[in-house]
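The next block holds one structure in the form of structure tokens; read it before the comments.
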Amino acid sequence: MSYFNTPLTPQQEQGFQDWMGMQRKTQNIYPTDNGQDYDFRGAYLNNANSSSNGHWADEYKKPNEPTFSNQSNYASPLVNSGQWVGQLFVPNSKPQQHPLLQVLDRLLNQK
């Protein structure tokens, strides 16, 4: 899901790599977390931080994150998302995928 990464200039990318190193040292980001389901570049660029319990804001969650919600920058009518009700995550009760995404998925997964 690299197409959900915020694009950075080479200078910003270097700053991002330094920031990621610091986040991993302070255990705000697990050393094995490669950002597959979270746009850490977007979080870096917008000076986002994890909360005291280590949770990162929903706004940079990618659609493959289990608690991808309507609060994400990537939420849209094309992508199935849940929502938070207080501290409870409620998945979308009508799992669906937009027909264009179904076609794209078939094209990308042809053998």
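No value in this document is a laboratory result; all are computed from the given coordinates. Computed from a predicted structure; not experimentally measured. Because the Cβ atoms are built from the backbone with ideal geometry, glycine has one as well, and the counts that use them run over all protein chains shown.
Here the extension length gained between Asn109 and Met22 equals 27.7 nm, from 0.36 nm per residue of separation less the Cα-Cα distance. Net charge in the neighbourhood of Thr26 (other residues with Cβ under 14 Å of its Cβ; Lys, Arg +1, Asp, Glu -1) is 0. When only the Cβ of Lys, Arg, Asp and Glu is charged (+1, +1, -1, -1), the dipole of region 2-108 relative to its Cα centre reaches about 140 debye.
For the residues Arg41, Arg106, Arg24, what sequence is obtained by ranking on other C-beta atoms within 10 Å, fewest first?
Details: Arg41 20, Arg106 9, Arg24 14.
With the sparsest Cβ surroundings first, the list reads Arg106, Arg24, Arg41.
Counting other Cβ atoms within 10 Å as a rough exposure proxy, the listed residues Thr6, Thr32 run Thr32, Thr6 from fewest neighbours to most. Net length available on complete extension from Leu78 to Asn47 is 8.4 nm, with 0.36 nm assigned per residue and the Cα-Cα distance removed. Eigenvalues of the alpha-carbon gyration tensor of region 2-108, scaled by 5 and square-rooted, set the equivalent ellipsoid semi-axes at 26, 18, 11 angstrom, largest first.
Exposure proxy shown here: for Val85, Val79, Val90, the number of other Cβ atoms within 10 Å sets the order, fewest to most, as Val85, Val90, Val79.
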